[in-house]
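Reading through the structure tokens given below for one structure.
All of the numbers you see were taken from the coordinates with simple rules; none came from a lab. As the structure is a computational prediction, the values presented were derived from the model and not from experiment. Every residue, glycine among them, receives a Cβ derived from its backbone with ideal geometry; neighbour counts consider all protein chains shown.
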Amino acid sequence: MPLQLPRSPWLTEELDDFREMARSFCQKELTPHQDRWIENKQIDREVWTKAGEVGLLCLSVPEEYGGGGGTFAHETVLYEEQARSGDSAWGVSVHNGIVAHYLLAYAAEEKKREWLPKLASGEWIGAIAMTEPGTGSDLQGIKTRAVRDGDEYVINGAKTFITNGAMADFVVVACKTDPDPDAGAKGMSLIAVPTSTAGFRRGRVLDKVGMKGQDTAELFFDDVRVPAANLLGDQEGLGFFQLMQQLPQERLLIAVTSVAGMEAAVDQTIAYTHEREAFGRPLSKFQNTKFTLAEAATEVAVSRAFLDQCIERHLKGELDVQGAAMAKLWTTERANRVIDDCVQLFGGYGYMMEYPVARAWADMRISRIFGGTSEIMKDIISRSL
Ligand SMILES: Cc1cc2nc3c(=O)[nH]c(=O)nc-3n(C[C@H](O)[C@H](O)[C@H](O)COP(=O)(O)OP(=O)(O)OC[C@H]3O[C@@H](n4cnc5c(N)ncnc54)[C@H](O)[C@@H]3O)c2cc1C
């Protein structure tokens with residue numbers, strides 16, 4: 001029997017119908033191509049345009065900007081179905097759940113009308129570039145510099161580990177606009193950079209432990225000139241505060257993917273342990289298997305209940321920074337432990353990449369690191385205590 005969990009309270013019939021559509025898209029357009037994408041270290045560009053055609057991009061952006069007019073619940077359903085389809089290559093959560101929302105919240109009205117429809121159709125792929133070779137957790141330590149020169153900003157610097165980096169057409173870049181150390185958080189701004197701009201260059205597509213089909217890349221900015229109107233917000237120095245406002249959603253969507261990933265792994269393990277035999281009986285008959293699966297099912301049920309609570313709070317605009325940090329910390333740590341236990345029950349087959357549980361194990365490792373590490377989540381939570 002697969003896991004039986006209560007229906008998430010935020011679901012509706014309309015979301016059930018949407019889930020059917022999202023599931024069929026993921027099964028048809030994502031699952032069959034995994035091996036080729038891993039080899040190419042990137043997905044096919046047509047996935048973005050096909051997703052745009054069926055309305056899967058910018059789901060929670062208002063229709064007047066070309067989006068789907070939905071909510072974070074629609075985003076959640078898409079990421080759950082993507083995780084259950086076994087795909088970790090399509091960087092749609094960064095595009096939909098992060099980049100589009102920075103523009104929606106902080107870009108000037110005419111820029112929103114210019115940029116968001118391109119992201120919604122899949123003509124443009126979006127990325128967000130905060131991390132640098134010298135700094136990740138300590139965001140205030142970034143060195144990428146943006147200097148105002150007349151009606152333009154001139155950007156110089158380097159970013160690394162950028163999701164969608166190799167294919168992105170449009171990058172939201174965290175820059176220092178005031179390098180004075182006393183400026184602290186007020187020295188940072190977010191600036192939108194179309195990648196067709198002169199001076200923008202991509203480096204290597206990075207060779208990762210998991211998520212191997214995702215085009216995580218280095219980016220370089222050498223005297224990149226963009227209009228001053230590409231600054232997000234109506235003045236310089238708001239970048240750090242904008243990041244703090246948007247990071248809860250980024251962390252919640254990592255939690256969504258983590259819970260869906262662990263649910264899928266437990267279901268696969270239940271099925272496998274009923275089929276595989278050792279010592280003349282199915283693995284599922286051993287007490288160790290029963291206890292391991294009982295613990296895993298409990299971890300999933302508790303994670304799902306807390307995640308659902310956080311999703312409901314976020315849908316009401318009430319999820320705070322600490323709550324999102326708790327959701328990310330709890331679900332990513334549990335997902336890593338649960339999927340590792342699942343691998344153990346698969347035996348040697350759990351270490352073979354042709355088994356989805358092996359890929360899920362490698363893919364899930366990053367969840368404790370990106371979007372803020374578990375240690376940074378604990379630091380954030382502890383500030384409220
Ligand atoms: C696959 C992948 C995709 C990514 N996608 C993006 C992206 O799209 N955009 C982007 O900007 N970034 C992205 N990142 C970067 C990611 O967010 C950073 O790697 C992460 O924030 C950690 O930063 P770091 O790697 O510099 O580690 P560091 O900050 O150097 O941390 C190293 C260790 O020190 C610990 N540590 C640091 N500070 C403290 C502290 N104050 N207290 C206790 N412990 C501490 C950390 O927890 C960690 O264990 C991605 C990374 C990967 C691997």
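Computed on region 229-354, with alpha-carbon pairs under 8 angstrom and 6+ residues apart, the relative contact order is 37 percent. The radius of gyration of the Cα set in region 67-126, together with its Dmax, comes out at 12.2, 38 angstrom.
The alpha carbon gyration tensor of region 93-210 gives principal lengths a ≥ b ≥ c with a/c of 1.5 or higher and a/b no greater than b/c, which makes the shape oblate. In units of the rule-of-thumb radius 2.2 N^0.38 Å, region 155-218 shows an alpha carbon radius of gyration of 1.29. Cross-link reach is defined here as a Cα-Cα straight distance under 16 Å, omitting same-chain residues fewer than 8 places apart; for Lys316 the aspartates and glutamates meeting it are Glu75, Asp308. Given +1 at the Cβ of Lys and Arg, -1 at the Cβ of Asp and Glu and no other charges, the dipole of the chain around its Cα centre is 960 debye to the nearest 20. Pick from Leu253, Leu78, Leu206: which residue has the top mean-square fluctuation in a GNM of the chain where Cα pairs under 10 Å get a spring? Of Leu253, Leu78, Leu206, the most mobile in the Gaussian network model is Leu206. With θ taken as phi - 60° and the Karplus curve 6.51 cos²θ - 1.76 cosθ + 1.60 applied, the whole-hertz 3J(HN,Hα) list for region 369-376 is 10, 7, x, x, 6, 4, 5, 5 Hz, x standing for glycine and proline. When the GluC sites (Glu not before Pro) in region 319-385 are filtered for DSSP coil states and for at most 13 other beta-carbon atoms within 10 Å of their beta-carbon, the remaining sites are Glu354.
Between helix 321-346 and the chain, what is the angle of the helix's C-alpha long axis to the longest principal axis, kept within 0 to 90° and rounded to the nearest 10? With both axes taken from Cα atoms, the answer is about 40 degrees. Over all orientations, region 251-385 has a Cα convex hull whose mean projected area works out to 8.5 square nanometres. Leaving out same-chain residues fewer than 8 places away, which lysines sit with a Cα under 30 Å from that of Lys212? Cross-link targets: Lys28, Lys41, Lys50, Lys118, Lys143, Lys159, Lys328, Lys378. Taking amide H as placed 1.01 Å from N in the peptide plane, Gly199 has no amide H partner under 5 Å among residues 5 or more places away or on another chain. If you run the Gaussian network model on the chain, springs between alpha carbon atoms under 10 Å, then out of Arg359, Arg225, Arg281 the most flexible one is Arg281. Listed by Cβ neighbour count within 10 Å, with the fewest neighbours leading, Lys378, Lys50 appear as Lys378, Lys50. For the chain, the convex hull spanned by the alpha carbon atoms encloses 135 Å³ per residue.
Please report, in debye to the nearest 20, how large the charge dipole of region 119-230 is about its Cα centre when each Lys and Arg carries +1 at its beta carbon and each Asp and Glu carries -1 there.
Magnitude of the dipole: close to 300 debye.
Only Cα pairs under 8 Å and 6+ residues apart enter the sum, and on that basis the relative contact order of region 32-93 stands at 27 percent. What is the angle, in °, between the Cα long axis of helix 13-25 and the longest principal axis of the Cα atoms in the chain? Nearest 10 is fine, range 0 to 90. It is inclined by approximately 90 degrees. Projecting the Cα atoms of Ser93, Leu116, Val61 onto the charge dipole of region 4-138 (Cβ charges, centred on the Cα centre) puts Ser93 farthest toward the positive pole. Given 4 °C and 1.567 mPa s, compute D for region 223-330 with the Stokes-Einstein relation, Rh being the Kirkwood radius over Cα pairs; round to the nearest whole µm²/s. This corresponds to a translational diffusion coefficient of 76 µm²/s. Using θ = phi - 60° in the Karplus curve 6.51 cos²θ - 1.76 cosθ + 1.60, the 3J(HN,Hα) couplings for region 291-308 round to 5, 4, 5, 5, 5, 4, 4, 5, 4, 5, 4, 5, 4, 4, 4, 5, 4, 4 Hz; x is entered for Gly and Pro. Helices in the chain, meaning DSSP H runs of at least 4 residues, each add -39500 (n - 2.57). Divided by all residues, the mean residue ellipticity at 222 nm is -14500 deg cm²/dmol. Taking every C-alpha pair closer than 8 Å and separated by at least 6 residues, the mean separation divided by the residue count of the chain gives a relative contact order of 16 percent.
Each of Thr289, Thr331, Cys310 was scored by the projection of its Cα onto the charge dipole of region 256-335, and the greatest displacement toward the positive side belongs to Thr289; charges sit on the C-beta of Lys, Arg, Asp and Glu. Could you give the angle, 0 to 90 degrees to the nearest 10, between helix 239-275's Cα long axis and the longest principal axis of the Cα atoms of the chain? Approximately 20 degrees, to the nearest 10. Using +1 at the Cβ of each Lys and Arg and -1 at the Cβ of each Asp and Glu in the chain, identify which of Ile381, Leu206, Val357 lies farthest towards the dipole's positive end. Of the listed residues, the answer is Val357. Ordering Thr257, Thr298, Thr76 by the number of other Cβ atoms within 10 Å of each residue's own Cβ, fewest first, gives Thr298, Thr257, Thr76. Near the amide H of Thr160, within less than 5 Å, lie the amide hydrogens of Thr131, Glu132, Leu219, all on another chain or at least 5 residues away, with H placed in the peptide plane.
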